[in-house]
Amino acid sequence: MLEIMPPDEIEDDWPFGPCYGPPRPPRTRQTSESRLAHLRWTYAADAFARLATRAGPVRVVTYVLVTPGVAPQAAHARLAELAKKRGWRVCRAHFTEYPVTGAEAEPRPELERACANVKLGLADGILATSRHDIPASSDTYEHILRRLDRSCGFLSYLSPAMQPSTASKGTYR
């Protein structure tokens, strides 16, 4: 997705700025979420390229953020089903986060433990239900992606087709 850049962020090439020549179309850039989605895909592709040289299946840990209406065991089962369909192996049963009620809990100890498993080489990646399971702050999300990339790891989500609100079968996303 693209968003229009605010005028105060555009450097006009003086003396050839907006006063000279025909009017220019508005300048656009990627939205923060689309940039981060591209970053996640790029890092995952790099991780899978490195993993292709190693023998054995891809090892993942599952991570679920418990919110109203989410059954943790069912969510972990869906993630394990996706891992099995992809030929991946779930290394540890699960990491389940119970956030503080009424607040967006940025420090998420279970997510930190999942990242530590990747850093220690106990797993190759983290499999989560959706982007909503990861902290909402773009800076925090980017930090997690870069941290996993430095550990040669990746972050993957349950495909929309496997979400509980839709069909029970789907592909990697």
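For the reader, a short list of remarks on this structure follows.
- When you filter the trypsin sites (Lys or Arg not before Pro) in the range 29-73 for DSSP loop state and at most 14 other Cβ atoms inside 10 Å of their Cβ, you are left with Arg54.
- Overall shape: oblate for the range 26-99, with the ratio a/c of the largest to smallest alpha carbon gyration tensor axis at 1.5 or above and b/c at least equal to a/b.
- Where GluC sites (Glu not before Pro) fall in DSSP loop in the range 42-147, at most 15 other Cβ within 10 Å: Glu104
Any read-out appearing in this document is the output of simple, stated calculations on the displayed coordinates, not a laboratory observation. Just so it is clear, the model here is predicted, and its values are computed rather than measured. Don't worry about glycine lacking a Cβ; one is built from the backbone with ideal geometry, like all the others, and counts go over all protein chains shown.
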